[in-house]
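The values are calculated or read from the model by the stated rules, or taken from the named source; none is laboratory data. Everything quoted here is computed from the prediction, not taken from an experiment. Every residue, glycine as well, gets a Cβ built from its backbone with ideal geometry; the counts of neighbours run over all protein chains shown.
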Amino acid sequence: MSDSSPIIKRLKRIEGQVRGIARMIEDDRYCIDILHQVQAIKSALSRAESEILKDHAHHCVAEAIKSGSAKAQHEKFSELIDLFEKTKR
């Protein structure tokens, strides 16, 4: 992914939000305002995660399917299953 990719831009925006929360804490801002910002970051990270997952499916998984290699297909699908199992914990 290049620095100009939408995912990189999104992550840089999230990075700025995290720095903003640190400043809010240093400035002793109201806890609920800080928590609202934390929720916004969690939502933004979730959207970034979805985009990365879509990118993985469109490129890596699709490439494994096109390759015709049962081993490559099994590896990519196993990775996805492992990922989904981790999110359930």
If only one of I34, I7 is of a type outside the set (G, A, S), under 27 Å from T87 (Cβ atoms), at pLDDT below 95 and surrounded by 12 or more Cβ atoms within 10 Å (Cβ to Cβ), which one is it? I7
Go over the candidates A64, A72, A57 one by one and state the one that is part of a helix (DSSP H, G or I) and either under 24 Å from I8 (Cα atoms) or among the charged types (D, E, K, R) (or both). A57
Assess whether Q17 counts as being surrounded by 12 or more Cβ atoms within 10 Å (Cβ to Cβ) and modelled with pLDDT of 90 or more. yes
Kindly evaluate R47 against the criterion of being exposed (fewer than 14 other Cβ atoms within 10 Å of the Cβ) and touching a Lys or Arg at 6+ places or on another chain (Cβ under 8 Å). yes
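For the condition in contact (Cβ under 8 Å) with a residue 12 or more places away in the chain, within 17 Å of the chain's Cα centre (by Cα) and part of a helix (DSSP H, G or I), what is the one hit in E51, E85?
Working: E85 fails: in contact (Cβ under 8 Å) with a residue 12 or more places away in the chain.
E51 is the lone residue from the list that is in contact (Cβ under 8 Å) with a residue 12 or more places away in the chain, within 17 Å of the chain's Cα centre (by Cα) and part of a helix (DSSP H, G or I).
In this structure, is F77 exposed (fewer than 12 other Cβ atoms within 10 Å of the Cβ) and of a type in the set (A, V, I, L, M, F, W, C)?
Details: exposed (fewer than 12 other Cβ atoms within 10 Å of the Cβ): no; of a type in the set (A, V, I, L, M, F, W, C): yes.
Judged against the criteria, F77 is not a match.
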